[in-house]
Amino acid sequence: MEFTKKNRIRGEVSIPGDKSISHRAVMFGALSQGITEVTGFLQGADCLSTISCFNRLGIEIENTPSKILIHGKGLHGLTAPTEVLDVGNSGTTTRLISGILAAQPFETTLDGDASIRKRPMKRIMTPLQMMGADIKSQLDNGCAPLIIHGQALHGIHYDSPVASAQVKSSVLLAGLYAEGVTSVTEPVLSRNHSEIMLQYFGAKVSSEGTTATIWPEPDLVGQKVNVPGDISSAAYFIAAGLLVPDSELLIKNVGINPTRDGILKVALAMGADITLLNENRDGEPTADLLVRSSSLHGTTVEGALIPTLIDEIPIICVMAACAEGTTVIKDAAELKVKESNRIAVMVSQLSAMGVDIVGTDDGMIIHGGKPLHGATIQTFMDHRIAMSFAIASLIAEGTTTILDHEVVNISYPGFYEDLGRITQ
Ligand code: S3P
């Protein structure tokens, strides 16, 4: 698909539902008694993978355009699937569902696409095995396919070497079934949607600092969940509004949970003009974001901020490329094991557009301010790479061609239509 430079961005955009929260609503709804009604559910391919896995585990889910209804069967209501569970491209589905499946009275095999077969799964296998799980990598390479033979589990305290909500959530979900209490301490706090939503469904969960603790065998009860817009998807429009001259854009109903709002902190530190309107702090906090064109300057992105913006680093690189001065991103080695190696891909593809960027072991260094020019962009089948370069193309001279552009359907079906509506 071809893109060209734009003069301005105007209007408003409503961002589709949060991917992390949508996955969790299906999973926790399935493990609850009664019906869970979800509005604002993200109809992206990743979340549809979670629905199809729970369908195969015997859960009826009605998916209509206005809402989804999950007919939960309680903690012990899942039934043995007759086929392999296909997780598609979704790391969240794979890692979270593994924690649940580790405790079921049946065997399951999980498999997905070429990307998922390269993502590291030892990070969940290790703590789940410590809890008594029988979980194996079929090819013995620490990746999917995974074969999980359900077992009786016992609670552990796990000191996670990585700040990962997927690891934390996998262990906490196994903890729902374990004998005794289960807790996870992370080096730095990762997104806390599981803790918030599990508690909302009736689980006993506590959070203190970077430690989350769960007690087993709660009576989970179906709930109404209204999924806020995904700040990770809003990030592309935040960047577009800031970078394209003469722009003013209202981005509506964006989730601003403090474990996810690092993009706002970084943008403000770079000199962005962003105003939060209509803040709502009931449950998962939300706000509308009013974004205006801004002259950005370089910054350092590191430490405890990293997990709060881990998926936004590709688009932060684009912002840094347009900012005066140097931006340093460090402590972000996790980027190498996302849907693609996002350090290598951002370095090679931004370089192709004329950006001065070098990769490091745990991040990148970008000397911003040079004009960008169009190029043919390889997405490596990574949705966030495709969307980042669609935004870069708005400020690049000439034509930018994005290969495999439809990969955005993983997290944002309708992305190009929404972008087309606000660009002039
Ligand atoms: C997610 C956690 C993050 C994030 C991913 C979604 C989640 O992954 O990158 O897109 O929903 O828990 P890690 O836990 O691997 O950091």
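Scanning the stretch 179-200 for residues that are surrounded by 24 or more Cβ atoms within 10 Å (Cβ to Cβ) and either of a type in the set (D, E, K, R) or more than 16 Å from the ligand (Cβ to nearest atom) (or both) yields 182, 191. Here is the figure for the stretch 313-349: residues that are away from the ligand (no atom under 11 Å from the Cβ) and closer than 27 Å to residue 116 by Cα total 19. When we screen 158, 177 for residues that are assigned to a loop (DSSP other than H, G, I, E, B), among the hydroxyl-bearing types (Ser, Thr, Tyr) and in the same structural domain as residue 54 (by TED's automatic domain parsing), the only hit is 177. In the set 91, 112, 99, 58, only one residue is over 28 Å from residue 337 (Cβ atoms) and either crowded, with 20+ Cβ neighbours inside 10 Å or not hydroxyl-bearing (Ser, Thr, Tyr) (or both); that residue is 58. Taking residue 202 as meeting all but one of (1) at positive phi; (2) touching a Ser or Thr at 6+ places or on another chain (Cβ under 7 Å), write down the number of the exception. With respect to (1) at positive phi; (2) touching a Ser or Thr at 6+ places or on another chain (Cβ under 7 Å), residue 202 is out only on (2).
Go through the stretch 221-242 and give me each residue that's among the small types (Gly, Ala, Ser) and within 14 Å of the chain's Cα centre (by Cα). Selection gives 229, 232, 233, 234, 235. Remark: pairs (first residue in the stretch 295-312, under 15 Å from residue 243 (Cβ atoms) and within 15 Å of the ligand (Cβ to nearest atom); second residue hydrophobic (A, V, I, L, M, F, W, C) and in a helix (DSSP H, G or I); Cβ separation under 7 Å; 6+ apart in sequence or on different chains) = 312/235; 312/263. If the condition is being away from the ligand (no atom under 12 Å from the Cβ), in a helix (DSSP H, G or I) and either among the small types (Gly, Ala, Ser) or out of contact with any helix residue (DSSP H, G or I) (no Cβ under 7 Å at 6 or more places or on another chain) (or both), then the stretch 7-58 contributes 29, 30, 45, 48, 49, 52, 55, 56. Checking each residue in the stretch 164-178 for being more than 7 Å from the ligand (Cβ to nearest atom), within 19 Å of the chain's Cα centre (by Cα) and either hydroxyl-bearing (Ser, Thr, Tyr) or more than 21 Å from residue 202 (Cα to Cα) (or both) picks out only 170.
Condition first: touching a helix residue (DSSP H, G or I) at 6+ places or on another chain (Cβ under 7 Å) and surrounded by fewer than 24 Cβ atoms within 10 Å (Cβ to Cβ). Now tell me which residues in the stretch 202-227 satisfy that. Reasoning before the result, please.
Quick first cut of the stretch 202-227, residues touching a helix residue (DSSP H, G or I) at 6+ places or on another chain (Cβ under 7 Å) only: 205, 207, 212, 214, 216, 220, 222-223, 225, 227.
Across the stretch 202-227, the qualifying residues are 205, 207, 216, 220, 222, 223.
Could you list, in sequence order, the residues of the stretch 203-242 that are polar (S, T, N, Q) and either touching a His at 6+ places or on another chain (Cβ under 7 Å) or farther than 24 Å from residue 177 by Cα (or both)? Spell out how you get there, then give the answer.
Initial filter on the stretch 203-242 (polar (S, T, N, Q)): 206-207, 210-211, 213, 223, 226, 232-233.
If the condition is that a residue be polar (S, T, N, Q) and either touching a His at 6+ places or on another chain (Cβ under 7 Å) or farther than 24 Å from residue 177 by Cα (or both), then 226, 232, 233 are the ones that fit.
Beta carbons closer than 6 Å, at least 6 apart along the sequence or on distinct chains, pair a first residue in the stretch 154-182 that is in contact (Cβ under 8 Å) with a residue 12 or more places away in the chain and on the phi > 0 side of the Ramachandran plot with a second that is away from the ligand (no atom under 12 Å from the Cβ) and part of a loop (DSSP other than H, G, I, E, B) for 180/155. Residues considered: 132, 40, 58. Of these, the only one that is farther than 19 Å from residue 164 by Cα and in contact with a Ser or Thr (Cβ under 7 Å, 6 or more places away or on another chain) is 58. Taking the stretch 309-363 as the range and being of a type in the set (S, T, N, Q) and outside any loop (DSSP other than H, G, I, E, B) as the test, the residues that pass are 326, 327, 348, 349, 351, 360.
Any idea which residue in the stretch 142-171 is nearest to residue 216 (Cα to Cα), counting only those that are buried (at least 24 other Cβ atoms within 10 Å of the Cβ) and of a type in the set (Val, Ile, Thr)? The qualifying residue nearest to residue 216 (Cα to Cα) is 171. For the stretch 246-292: of the residues being among the basic types (Lys, Arg) and part of a loop (DSSP other than H, G, I, E, B), which is nearest to residue 323 (Cα to Cα)? Looking at the filtered set, the residue picked out is 260.
The values are calculated or read from the model by the stated rules, or taken from the named source; none is laboratory data. Predicted model, so just to flag it, every value in this text is computed and none were measured. As a convention, Cβ positions derive from the backbone with ideal geometry for all residues, glycine included, and neighbour counts pool all protein chains shown.
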